[in-house]
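Just below is one structure, and these are the notes that go with it.
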Amino acid sequence: MRLLLVFFMVLAIFIPCFSFDIPGKDLPLILDYYKSTCPTVFDVIKKEMECIVKEDPRNAAIIIRLHFHDCFVQGCDGSVLLDETATLQGEKKASPNINSLKGYNIVDRIKNIIESECPGVVSCADLLTIGARDATILVGGPYWDVPVGRKDSKTASYELATTNLPTPEEGLISIIAKFYSQGLSVEDMVALIGAHTIGKAQCRNFRSRIYGDFQVTSALNPVSETYLASLREICPASSGEGDSNVTAMDNVTPNLFDNSIYHTLLRGEGLLNSDQEMYTSLFGIQTRRIVSKYAEDPVAFFEQFSKSMVKMGNILNSESFADGEVRRNCRFVNT
């Protein structure tokens, strides 16, 4: 009886039967915010992102990930970009960020160009949001309009960066709770995780998966066994050995934004435990259905990914609208 009660309590998490007060939902973001003050901003970011992704397709995933990590901590306010100083503890050294988050130099590069054209006008938070959209398109993903007008925060939160961001080894229930706390639904979560169709993961983040239940979820498929053997060559079993070695999260089309990652989950070959849980977890009743839908219908995935990226980008820091700024340098608060 007790187990049954726990089961139904867990199920309740999956049913979006109540609403959330989404941070920043009533604050003004509009498409033509920079129409008169910096009309070239979208073109500048697009042009630079084209060069950056051409230099290395992985940069697309890096920028999308940076945007995600920004929005989950204090809202999309550029706080993740702040360097640590004597008076400010940044988010870059928080456990989910320190070993894996990159792309700060890319933001610096684009910001310098924008500042030369429109000094003190375009926020780092907007730059990152627009850049994530352009990065997605450049590797084959969908387009969406990006509302702008965000301000940069003067603060960061090491504590929230440590607790708010999902981790690669996290269980499904905990991950759903973290997305819900941001006003994002289960459908948003599964769609946004689809960004893992591009990019790479470090050995330290998938070691427990490939030496754990990988063989169980892949049903001892001979092809999967070969894939697993290659992963174990990249990532030794011993902790600390080869921790920074990387491999693609989508081993079929790693540089193309498509729905291949969901087929990977159907095969039980998800590289990260947090991804595979969406299809094989005992509690994945709703997520399993959504994963199957996106695997079967790439158009549905693209449509929802676009909607969910806008929704995530609209998670704002209300304090930054009262006391925020447009940083001249994304790494530091203006002086």
Requested in this report: Scan region 308-324 for residues that are in contact with a strand residue (DSSP E or B) (Cβ under 7 Å, 6 or more places away or on another chain) and part of a helix (DSSP H, G or I) and jot them down.
Outcome: Ser320
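Restricting attention to region 226-247, does a residue exist that is of a type in the set (Gly, Ala, Ser), open to solvent by less than 30 Å² (accessible area, probe 1.4 Å) and in contact with a strand residue (DSSP E or B) (Cβ under 8 Å, 6 or more places away or on another chain)?
no
So that you can scan it fast, the table gives a plain yes or no per residue for (1) in contact with a Pro (Cβ under 6 Å, 6 or more places away or on another chain); (2) in a loop (DSSP other than H, G, I, E, B); (3) open to solvent by 10 Å² or more (accessible area, probe 1.4 Å):
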{"site": "Lys93", "(1), (2), (3)": "no, yes, yes"}
{"site": "Lys111", "(1), (2), (3)": "no, no, no"}
{"site": "Leu128", "(1), (2), (3)": "no, no, no"}
{"site": "Val146", "(1), (2), (3)": "no, yes, no"}
Query raised in the report: If only one of Val73, Val80 is closer than 30 Å to Gly171 by Cα, assigned to a loop (DSSP other than H, G, I, E, B) and modelled with pLDDT of 95 or more, which one is it?
Result: Val73
Report task. Kindly list, by first and then second residue, each pair from a residue in region 236-259 that is assigned by the TED database to the domain that holds Ala295 and among the acidic types (Asp, Glu) to a residue that is assigned to a loop (DSSP other than H, G, I, E, B) and open to solvent by 60 Å² or more (accessible area, probe 1.4 Å), limited to pairs with Cβ atoms under 9 Å and residues at least 6 apart or on different chains. Result -> Asp243/Asn99; Asp250/Leu256; Asp258/Val252
Report summary line: If we ask which residues in region 175-191 are aliphatic (A, V, I, L, M), more than 15 Å from Arg288 (Cα to Cα) and in a helix (DSSP H, G or I), their number turns out to be 1
**Report entry** Pick from region 258-294, criterion among the hydrophobic types (A, V, I, L, M, F, W, C) and either in contact with a Ser or Thr (Cβ under 6 Å, 6 or more places away or on another chain) or part of a helix (DSSP H, G or I) (or both), ranking: surrounded by the fewest Cβ atoms within 10 Å (Cβ to Cβ)
**Finding:** Ile285
Requested in this report: Scan region 282-313 residue by residue and report those that are under 23 Å from Asp145 (Cβ atoms) and hydrophobic (A, V, I, L, M, F, W, C).
Outcome: Val299, Ala300, Phe301, Phe302, Phe305, Met309, Val310, Met312
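The values are calculated or read from the model by the stated rules, or taken from the named source; none is laboratory data. Nothing here was measured: the structure is a model prediction, and the numbers come from that model. Please note: Cβ atoms are built from the backbone with ideal geometry, for glycine as well, and neighbour counts cover all protein chains shown. Accessible surface is based on the protein model in full, side chains and every heavy atom, while ligands, DNA and RNA are left aside. Shrake-Rupley method; radii C 1.70, N 1.55, O 1.52, S 1.80 Å.
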